[in-house]
Amino acid sequence: MRADGVDGERHELEATLIAVGSTTTYGGGMRICPHAVPDDGRFAVTVVPAVGRARLLRVFPRVYRRTHTDLPRVRTFTARRVRVRTPAMRAYADGEPVGALPLEAETVPGAVRVLVPPR
């Protein structure tokens with residue numbers, strides 16, 4: 001899997017998971033993008049490196065505690081535009097399949113009104 005572009009900057013990464021979100025949490029409380037700020041007009045991107053299933057299962061509980069991004073090989077970005085492509089994989093939105101990759105997402109500031117707690 002590879003993140004093909006983050007705001008026009010190309011990144012080629014071997015990854016198990018690339019999460020793109022505008023909020024910190026999805027899928028029943030997984031805090032996959034703990035650096036997300038819902039009203040900043042940017043996506044939070046979290047890249048979990050290619051690891052074996054045993055290693056992934058050992059570190060998976062850290063996603064719920066928001067400590068997975070402390071791992072040295074996990075990378076985070078923020079971006080207004082993200083493009084992800086890889087052969088033979090599907091994109092998911094909150095756990096539901098939405099289609100085959102490539103996927104391109106772009107924020108549209110002000111398109112949706114959100115209420116966020118004061119910082």
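The values are calculated or read from the model by the stated rules, or taken from the named source; none is laboratory data. Quick caveat: nothing in here was measured; it's all calculated off a predicted structure. We place every Cβ from the backbone using ideal geometry, glycine too, and count neighbours over all the protein chains shown.
Considering only residues that are modelled with pLDDT of 90 or more and not aliphatic (A, V, I, L, M), which ones fall in region 1-20? Across region 1-20, there are no qualifying residues.
Is it the case, given these coordinates, that Gly52 is under 30 Å from Leu115 (Cβ atoms), surrounded by fewer than 17 Cβ atoms within 10 Å (Cβ to Cβ) and of a type outside the set (A, V, I, L, M, F, W, C)?
So Gly52 does not fit the description; no.
Taken across region 20-28, residues that are among the aliphatic types (A, V, I, L, M), touching a Leu at 6+ places or on another chain (Cβ under 9 Å) and surrounded by fewer than 17 Cβ atoms within 10 Å (Cβ to Cβ) do not occur at all. Among residues of region 61-82 that are surrounded by fewer than 14 Cβ atoms within 10 Å (Cβ to Cβ), those with a beta-carbon under 6 Å from a residue that is not small (Gly, Ala, Ser) at least six positions away or on a different chain give the pairs Arg73/Pro49. Just so you know, in region 83-102 the residues that are surrounded by 14 or more Cβ atoms within 10 Å (Cβ to Cβ) and of a type in the set (Val, Ile, Thr) include one that is modelled with the lowest pLDDT, and it is Thr86.
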